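Each remark here refers to the structure printed beneath this line.
The values are calculated or read from the model by the stated rules, or taken from the named source; none is laboratory data. The shown structure was predicted, so the numbers you read here are calculated from the model rather than taken from an experiment. Every residue, glycine as well, gets a Cβ built from its backbone with ideal geometry; the counts of neighbours run over all protein chains shown. What goes into the accessible areas is simple: the full protein's heavy atoms, side chains included, and nothing from ligands, DNA or RNA. Shrake-Rupley method; radii C 1.70, N 1.55, O 1.52, S 1.80 Å.
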Amino acid sequence: MLKHQIKRVWVDDEAVYAETIDGLKASYLFADWSKLASATQEERENFQLSYTGIHWPSVDEDLSFEGMFHSNNCCNITAGEDSVFYNAESQKR
């Protein structure tokens, strides 16, 4: 299985974006997620990354990297381990 490691995640007024170390980019519009659509920009910017996705603690919303990249036609959904992931340890180097 081809795996893609997340390099960075960022937000603007309309969406959350992710980019892999091999250059793939994907996004989700906040308007598609009711909790994020009604969140303030400060709440949207306050996210945490895990191996599998993004968590917004103040609005209790979670989005997966694999789902994001699949919805942007960048990867397939896998039955086992996620094909798109974030590794916090590799970001510290």
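Here residue 90 meets the list (1) modelled with pLDDT of 95 or more; (2) open to solvent by 30 Å² or more (accessible area, probe 1.4 Å) almost entirely, failing just condition (1). Select from segment 1-13 the residues that are surrounded by 12 or more Cβ atoms within 10 Å (Cβ to Cβ), of a type outside the set (A, V, I, L, M) and within 18 Å of residue 42 (Cα to Cα) and write down the one among them that is farthest from the chain's Cα centre (by Cα). Among them, the one singled out is 12. Once segment 14-33 is narrowed to residues that are β-branched (Val, Ile, Thr) and closer than 14 Å to residue 85 by Cα, the residue that is least open to solvent (accessible area, probe 1.4 Å) is 20. Applying the condition of being of a type in the set (S, T, N, Q) and open to solvent by 60 Å² or more (accessible area, probe 1.4 Å) to segment 34-48 and asking which residue is farthest from residue 68 (Cα to Cα) yields 40. Scan segment 3-61 for residues that are free of Cβ contacts under 8 Å to residues at least 12 places away in the same chain and of a type in the set (Asp, Glu) and the total you get is 3. Within segment 49-70, the set of residues being of a type in the set (S, T, N, Q), open to solvent by 60 Å² or more (accessible area, probe 1.4 Å) and farther than 17 Å from residue 90 by Cβ comprises 58 only.
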